[in-house]
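Worksheet: one structure, shown below.
Just so you know, all these numbers are worked out from the coordinates, no wet-lab data involved. Since this is a predicted model, take the numbers as computed values, not measurements. No Cβ is skipped: glycine too gets one built from the backbone with ideal geometry, and neighbour counts run over all protein chains shown.
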Amino acid sequence: RHIPVITIDGPTASGKGTLAAGVAARLGWHTLDSGSLYRVSALAARRAGVAPDDEAGLARVAAGLNLRFEGTSVFLDGADVTDVLREEAVGTMASQISVWPALRAALYELQCSFRRLPGLVADGRDMGTVIFPAAPLKIFLTASAAARAERRHRQLLERGISANLDSLRADLEARDERDRHRATAPLKPAEDALELDNSGMTVVESVELVLDWWLQRR
Ligand code: C5P
């Protein structure tokens with residue numbers, strides 16, 4: 001049977017994960033947070049002492065990851081690393097290592113394996129362009145840099161982590177620059193993606209809009 005996929009790509013802190021979770025909950029579908037796979041690769045590489053510019057070493061680490069997913073939690077070698085993965089330092093290292101084609105190739109099959117019945121909502125940078133190019137609905141999600149920095153800032157404060165708004169914004173803009181301009185699987189809308197700027201929208205409004213689009217596409 002055909003397994004449908006909705007892809008949501010976009011820059012850092014544009015709300016991809018929240019939107020994907022909301023849409024998946026309403027449809028009763030699975031989710032793939034592909035960024036978490038780059039983050040967990042970064043963490044595993046750091047622990048193994050593999051440098052961010054060692055392409056072959058990184059690919060080996062990614063191919064040998066011992067992962068388990070439980071709901072929204074990620075376990076690496078049996079330990080829950082969900083919170084560690086959200087750290088800015090891990091995100092930055094994920095962005096640095098994600099330029100390497102061999103690493104991206106090593107994560108390809110794992111990402112495809114998330115596509116299970118009754119359907120998948122996949123979020124990241126290249127879900128609609130590289131991993132699920134035949135997806136019937138592709139969203140390119142954007143929000144202003146100011147809105148994204150504020151959201152990230154609020155998320156961190158809620159978790160009791162203090163952060164500087166200006167440096168958060170500079171960091172996410174640097175990460176987006178790198179993601180947009182890399183040679184392999186750069187961040188860009190698929191030809192057939194629908195663009196959604198959610199700067200002034202609530203989560204519920206964006207979820208409803210995507211569900212409407214899905215009903216029209218189906
Ligand atoms: O989305 P998130 O911030 O968790 O992703 C961390 C980094 O992983 C991104 O900055 C990006 O460089 C990389 N990434 C990627 N392709 C994806 C998802 C994430 O290159 N599909």
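Which helices pass in the chain if a helix is a full DSSP H run, must span at least 18 angstrom along its long axis by Cα, and must have mean Kyte-Doolittle hydropathy not below -1.0?
On the way: long enough: 34-48 (21 Å, 0.09); 145-158 (20 Å, -1.21); 165-181 (24 Å, -1.65); 203-217 (21 Å, 0.47).
Length and hydropathy pass: 34-48, 203-217.
Let me know the charge dipole size of the chain about its Cα centre in debye, to the nearest 20, where only the beta-carbon of Lys, Arg (+1) and Asp, Glu (-1) is charged.
Numbers: 27 positive and 29 negative charges, 93 e Å.
So the dipole magnitude of the chain works out to roughly 440 debye.
Could you size up the charge dipole of the stretch 132-192 around its Cα centre, putting +1 on the beta carbon of Lys and Arg and -1 on that of Asp and Glu, and report it in debye to the nearest 20?
120 debye
Quick one: net charge around Met127, please, counting Lys, Arg +1 and Asp, Glu -1 for every other residue with C-beta under 10 Å from its C-beta.
On the way: positive: Lys16, Arg125, Lys138; negative: Asp9, Asp123, Asp126.
Counting the neighbours of Met127, the net charge comes to 0.
Could I have the simple spin-label model distance between His181 and Leu67, label points 7 Å from Cα toward Cβ, reported in nm to one decimal?
Result: 2.9 nm between the two label points.
Describe numerically, in nm with one decimal, the distance between label points set 7 Å from Cα along Cα→Cβ at Ala146 and at Leu194.
A separation of 2.8 nm, rounded to one decimal place.
If each residue's Cβ is checked for other Cβ atoms within 10 Å, how do Phe69, Phe114 rank with the fewest at the top?
Working: Phe69 15, Phe114 19.
The order, fewest Cβ neighbours first, is Phe69, Phe114.
Using a 10 Å cut-off around each Cβ, can you sort Arg26, Arg152 from fewest to most neighbouring Cβ atoms? Walk me through the numbers on the way to the answer.
On the way: Arg26 14, Arg152 20.
Ordered from fewest to most neighbouring Cβ atoms within 10 Å, Arg26, Arg152 come out as Arg26, Arg152.
How big is D, in µm² s⁻¹, for the chain by Stokes-Einstein at 10 °C and 1.306 mPa s if Rh is the Kirkwood radius over C-alpha pairs? Each step should come with its number before you reach the end.
Values: Rh = 17.6 Å.
Calculated translational D: 90 µm²/s.
Before anything else, pin down the relative contact order of the stretch 1-150: Cα pairs under 8 Å, at least 6 apart, normalised by residue count, whole percent.
Relative contact order for the stretch 1-150 comes out at 48 percent.
Hey, any idea what Rg/Rh is for the stretch 1-77, computing Rh the Kirkwood way over Cα pairs? Numbers along the way, then the final one.
Numbers: Rg = 14.9 Å, Rh = 14.4 Å.
That ratio equals 1.04.
When DSSP assigns beta bridges and you keep just the ones with both residues in the stretch 18-121, what percent turn out antiparallel, to the nearest 5?
Working: 6 of 8 bridges.
Counting only bridges with both partners in the stretch 18-121, antiparallel ones make up about 75 percent.
Just to be sure I understand the model, the point goes 7 Å from the Cα along the line to the Cβ. What's the resulting Val203 to Cys112 distance in nm?
3.3 nm
Can you tell me the convex hull volume per residue for the stretch 77-145, based on C-alpha atoms, in Å³ to the nearest whole number? Each step should come with its number before you reach the end.
On the way: hull volume 10.6 nm³, N = 69.
Normalising the Cα hull of the stretch 77-145 by residue number yields 153 Å³.
Putting +1 on Lys and Arg Cβ atoms and -1 on Asp and Glu Cβ atoms, find which of Met201, Ala146, Ser113 reaches farthest to the positive end of the dipole of the chain.
Value: Ser113.
If one puts a single equal scatterer on every Cα of the stretch 119-203 and applies the Debye formula without solvent, what log₁₀ I(q)/I(0) results at q = 0.17, 0.19 Å⁻¹?
-0.83, -0.98
Exposure proxy check: Thr72, Thr18 ranked by fewest other beta carbons within 10 Å? Present the calculation step by step, with values, prior to reporting the outcome.
Details: Thr72 11, Thr18 18.
The fewest-first ordering by Cβ neighbours comes to Thr72, Thr18.
Sequence-distant or interchain residues sharing an amide H contact under 5 Å with Ile8, placed H: which?
Those qualifying (amide H under 5 Å, at least 5 residues apart or on another chain) are Ala122, Asp123, Gly124, Ile139.
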